[in-house]
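Down below is the structure, laid out as structure tokens.
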Amino acid sequence: MDEPKYPTSCVERFLDYVKLDTQSREGSDTFPSTESQWVLLRKLVAELRQMGIADVEIDPHGYVFATLPATTGKRNVPTIGFLAHVDTSPETTGAGVRPILHPKWSGEAIVLPDDPTIVLRTDEDPDLASQLGRDIITASGTTLLGADDKAGVAEIMGAAEWLSRHPEIPHGVVRLGFTPDEEVGQGTRFFDVARFGAHCAYTLDGGRAGELQTETFSADSIHCVFHGFNTHPGYAKGKMVNAIKVAADFIARLPPGRLSPETTAGHEGYVHPYIFEGGVDRAAVKILLRDFATPGLRDHEALVRGLAEEAVRAYPGSRCEVELNESYRNMKAVLDQNPQIVERASEAIARAGLELRNDPIRGGTDGSRLSFMGLPTPNLFAGEHAIHSRKEWVSTWEMHKAVEVIIEICRVWEERAPS
């Protein structure tokens with residue numbers, strides 16, 4: 001029942017890719033942000049060429065583009081694309097990943113051997129419970145797995161492998177793309193939409209089988225720098241102003257029961273301090289602002305600025321500089337104007353025998369920015385679960401289903417094109 005419709009080496013590729021440390025790094029002055037990402041990017045170029053795909057290129061910024069030529073006689077089939085990012089989150093180490101295959105998992109708690117305190121349990125993860133009897137892949141307990149987004153990379157490579165070997169499957173021109181630095185918000189920084197040359201694209205960067213996501217957060221970030229005054233602590237009375245205390249006071253003023261990642265779900269936005277650094281003279285806090293309604297970001301910004309001013313008033317002699325940076329916007333505004341792109345993918349998911357899931361992404365993908373750059377790009381499932389953590393896992397069944405959906409999308413676009 002669970003045998004893949006299109007048996008490919010996507011799982012074997014995935015097990016190979018995750019062993020490469022491709023973490024991106026915030027604040028880097030290079031692009032990609034880490035040299036290690038080049039290893040996987042160049043590996044993908046070599047593997048695509050080994051498949052017999054002639055049109056493969058890697059540009060000076062690390063973007064890998066490739067073309068599967070059309071196999072149909074129809075002339076009006078739009079060019080479509082599939083995208084995935086090679087970098088993994090800098091929040092949890094990705095060095096020395098040791099993937100472990102748990103065949104035909106029978107439902108027991110999965111204790112990861114290199115750190116037995118890391119345990120995967122069905123009562124904590126309902127998605128895991130749905131994979132009973134299937135093969136599960138985890139890391140060993142001391143690293144993330146890298147399913148975000150090496151699962152998507154492997155699935156696109158698997159689909160490319162199958163399509164390149166089966167020209168009898170009718171499809172239009174298909175473009176493939178692999179990008180760096182998505183996890184640090186820079187994945188589309190040098191992405192050349194015109195050179196990619198597609199009518200639309202689909203990122204493979206989601207979770208449960210059947211997911212087709214057309215809605216993301218709108219996102220900004222705020223950098224608050226609190227300035228104090230440092231002097232020798234033995235003689236500091238009436239002189240010292242401790243910037244650490246000012247920043248801590250500001251953080252303590254954030255709403256305790258709402259507007260945080262740990263207290264929100266669904267379409268609720270949040271204000272999330274995620275980096276703190278500094279000392280007595282200067283302390284800085286980086287804060288993520290997220291909301292599905294873009295105007296809501298202005299409310300979050302006003303809240304942060306107001307609380308920073310309150311904290312500064314409580315510590316005479318201190319001051320605060322606040323810098324706002326735009327990150328990305330909810331891609332729903334673009335995709336609602338291009339319903340065909342979503343409809344074609346919905347049909348492909350149904351053909352794969354899956355229930356369509358259209359939950360919003362409580363985050364962003366490269367598709368968020370690409371959609372506003374002229375390349376409408378919804379997000380498809382890749383089988384990623386518990387991402388950015390040492391409990392990250394994938395199901396090989398979901399990986400094969402993702403390959404199937406990619407191929408069915410190619411078929412649907414060809415069938416729906418006029419002769």
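Taking the criterion of being among the small types (Gly, Ala, Ser), surrounded by fewer than 20 Cβ atoms within 10 Å (Cβ to Cβ) and out of contact with any Ser or Thr (no Cβ under 9 Å at 6 or more places or on another chain), would at least one residue in segment 76-96 satisfy it?
The answer is no, given that none of the residues of segment 76-96 is among the small types (Gly, Ala, Ser), surrounded by fewer than 20 Cβ atoms within 10 Å (Cβ to Cβ) and out of contact with any Ser or Thr (no Cβ under 9 Å at 6 or more places or on another chain).
Of the conditions (1) in contact with a Phe, Trp or Tyr (Cβ under 9 Å, 6 or more places away or on another chain); (2) under 25 Å from Arg411 (Cα atoms), His385 satisfies every one except a single condition; which number is it?
Unmet for His385, out of (1) in contact with a Phe, Trp or Tyr (Cβ under 9 Å, 6 or more places away or on another chain); (2) under 25 Å from Arg411 (Cα atoms): (2).
Just one of the numbered conditions (1) out of contact with any Phe, Trp or Tyr (no Cβ under 6 Å at 6 or more places or on another chain); (2) at pLDDT 95 or above; (3) within 27 Å of Gly364 (Cβ to Cβ) is not true of Glu57; which one?
Against the list (1) out of contact with any Phe, Trp or Tyr (no Cβ under 6 Å at 6 or more places or on another chain); (2) at pLDDT 95 or above; (3) within 27 Å of Gly364 (Cβ to Cβ), Glu57 comes up short only on (1).
Could you run through segment 63-95 and say how many residues are of a type in the set (Asp, Glu) and out of contact with any strand residue (DSSP E or B) (no Cβ under 7 Å at 6 or more places or on another chain)?
Residues flagged as of a type in the set (Asp, Glu) and out of contact with any strand residue (DSSP E or B) (no Cβ under 7 Å at 6 or more places or on another chain) within segment 63-95 amount to 1.
Out of the residues in segment 97-112 meeting the condition of being surrounded by 13 or more Cβ atoms within 10 Å (Cβ to Cβ) and over 23 Å from the mean Cα position of the chain (by Cα), tell me which one is nearest to Gly197 (Cα to Cα).
Only one residue tops the list, namely His102.
Looking for something open to solvent by 30 Å² or more (accessible area, probe 1.4 Å), under 24 Å from Thr396 (Cβ atoms), in contact (Cβ under 8 Å) with a residue 12 or more places away in the chain and among the hydrophobic types (A, V, I, L, M, F, W, C) - is there at least one such residue anywhere in segment 24-34?
Checking segment 24-34: not a single residue is open to solvent by 30 Å² or more (accessible area, probe 1.4 Å), under 24 Å from Thr396 (Cβ atoms), in contact (Cβ under 8 Å) with a residue 12 or more places away in the chain and among the hydrophobic types (A, V, I, L, M, F, W, C).
Among the residues in segment 350-365, are any without any contact (Cβ under 8 Å) to a residue 12 or more places away in the chain, more than 27 Å from Arg258 (Cα to Cα), part of a helix (DSSP H, G or I) and open to solvent by 20 Å² or more (accessible area, probe 1.4 Å)?
Taking segment 350-365 first, the residues without any contact (Cβ under 8 Å) to a residue 12 or more places away in the chain are 350, 353.
Pick out the ones that are also more than 27 Å from Arg258 (Cα to Cα) and you get 350, 353.
This time we only want the ones that are part of a helix (DSSP H, G or I), so: 350.
Narrowing further to those that are open to solvent by 20 Å² or more (accessible area, probe 1.4 Å): 350.
Yes - at least one qualifying residue is present in segment 350-365.
Please name all residue pairs, on different chains or six or more residues apart, with Cβ atoms under 6 Å, provided the first residue is in segment 89-104 and is over 27 Å from Ser130 (Cα atoms) and the second residue is hydroxyl-bearing (Ser, Thr, Tyr) and in a loop (DSSP other than H, G, I, E, B).
Close Cβ pairs satisfying both conditions: Pro90/Ser24; Thr93/Thr143.
List pairs: first in segment 329-341 and over 21 Å from Cys410 (Cα atoms), second surrounded by fewer than 18 Cβ atoms within 10 Å (Cβ to Cβ), Cβ under 7 Å, 6+ apart or cross-chain?
These pairs meet every condition: Arg329/Thr294; Arg329/Phe372; Asn330/Thr294; Val334/Phe372.
If you go through segment 294-311 one residue at a time, do you hit one that is open to solvent by less than 60 Å² (accessible area, probe 1.4 Å), assigned to a strand (DSSP E or B) and hydroxyl-bearing (Ser, Thr, Tyr)?
No, that holds for no residue.
Looking at segment 332-342, can you tell me whether even one residue there is surrounded by fewer than 15 Cβ atoms within 10 Å (Cβ to Cβ) and either within 22 Å of Val246 (Cα to Cα) or aromatic (Phe, Trp, Tyr) (or both)?
no
Considering only strands (runs of 3 or more DSSP E) fully contained in segment 168-278, which possess at least 3 residues that are open to solvent by less than 40 Å² (accessible area, probe 1.4 Å)?
Per the criteria, 174-179, 200-206, 218-227.
The values are calculated or read from the model by the stated rules, or taken from the named source; none is laboratory data. Remember, it's a predicted structure, so these values are computed and weren't measured experimentally. Here the Cβ is made from the backbone with ideal geometry for all residues, glycine too, and neighbour counts use every protein chain on show. When the accessible area is computed, the model is the full protein with side chains, heavy atoms only, and any ligands, DNA or RNA have been set aside. Shrake-Rupley method; radii C 1.70, N 1.55, O 1.52, S 1.80 Å.
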